[in-house]
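Below is one structure, written out as structure tokens; comments come after it.
The values are calculated or read from the model by the stated rules, or taken from the named source; none is laboratory data. As the structure is a prediction and not an experimental result, all values here were calculated from the model. All Cβ positions, glycine included, derive from the backbone under ideal geometry; neighbour counts span all protein chains shown. Ligands, DNA and RNA are stripped out before the accessible areas are found, and what is left, the full protein with its side chains, is counted by its heavy atoms. Shrake-Rupley method; radii C 1.70, N 1.55, O 1.52, S 1.80 Å.
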Amino acid sequence: MTVVGEEILHRPCQEVTRFGTPELSRLVDDMFATNQVAEGAGLAANQVDVDLRLFVWDITDDWGVRHVGHIANPVLDEVPPERRRLVEESEGCLSVPGPYRMVPRLDRTVVRGRDKDGNPLVIEGRGYFARCLQHETDHLRGHLYLDRLAQRERKTALREMAASKDEMLARRASLAEKLGK
């Protein structure tokens, strides 16, 4: 798992150009396993040191509905200013182990892309699921949730991460062992 400061997290990822390959299928499966071990809601390819515009999610939304999927080359639909509704909620990141911060995000979003076989996808999310789709798309653009914070808040979050990182990584390793991964 890559962590804040690693170069791959801070630059835009390359588009997926080869679909339907065993390698891409294996990567998607590995990302789901990594996301499970890390107890995440979603995981972008650059978080596992792969320079591709791809992410997975396994998340239960605000209404108790579980969403599981993946998307390559995601693009968020633009929302006209008069239809934007921002919700400020606590957000964390597997690549920033530990701290959570209040981050404003749109309460609804639509993301378009392709599945691992190249078929077109249109995914709509509301609430927590919308937040996840935006968060993971940000990753593929080279942005972390920390980039949305004021400088002082970002520095505080990084200090908290440094203090809790070893404990968090040890917990992930223990869970991976229990799950046989």
- Message: Could you check the stretch 122-164 and list, in sequence order, the residues that are more than 20 Å from ARG105 (Cα to Cα) and touching a helix residue (DSSP H, G or I) at 6+ places or on another chain (Cβ under 9 Å)?
- Response: LEU158, MET161
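Could you list, in sequence order, the residues of the stretch 10-26 that are part of a helix (DSSP H, G or I) and either open to solvent by less than 50 Å² (accessible area, probe 1.4 Å) or of a type in the set (Val, Ile, Thr) (or both)?
Step one: list which residues in the stretch 10-26 are part of a helix (DSSP H, G or I), which gives 10, 22-26.
Matches in the stretch 10-26: LEU24, SER25.
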- Task: Tell me the strands (runs of 3 or more DSSP E) entirely within the stretch 35-121 that contain at least 2 residues that are within 13 Å of GLN134 (Cβ to Cβ), in contact with a helix residue (DSSP H, G or I) (Cβ under 9 Å, 6 or more places away or on another chain) and open to solvent by 20 Å² or more (accessible area, probe 1.4 Å).
- Result: 66-76, 86-93, 96-106, 108-114
- Task: Determine whether the stretch 140-155 contains at least one residue that is over 17 Å from the mean Cα position of the chain (by Cα), surrounded by 20 or more Cβ atoms within 10 Å (Cβ to Cβ) and of a type in the set (Gly, Ala, Ser).
- Result: no
- Task: Please identify the pairs in which a residue from the stretch 42-55 that is in contact (Cβ under 8 Å) with a residue 12 or more places away in the chain has its Cβ atom under 9 Å from the Cβ atom of a residue that is small (Gly, Ala, Ser) and assigned to a helix (DSSP H, G or I), counting only partners at least 6 apart or on another chain.
- Result: ASP51/ALA45; LEU52/ALA45; ARG53/ALA45; LEU54/ALA45; PHE55/ALA45
- Would you say ARG18 is touching a residue at least 40 places away in the same chain (Cβ under 8 Å) and either over 14 Å from the mean Cα position of the chain (by Cα) or closer than 30 Å to LYS178 by Cβ (or both)? no
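Would a scan of the stretch 156-171 turn up a residue that is charged (D, E, K, R) and surrounded by 19 or more Cβ atoms within 10 Å (Cβ to Cβ)? Before the answer, list the steps.
As a first pass, look at the stretch 156-171 and keep what is charged (D, E, K, R): 159-160, 165-167, 171.
Filter again for surrounded by 19 or more Cβ atoms within 10 Å (Cβ to Cβ), leaving none.
No, there is no match, as no residue in the stretch 156-171 is charged (D, E, K, R) and surrounded by 19 or more Cβ atoms within 10 Å (Cβ to Cβ).
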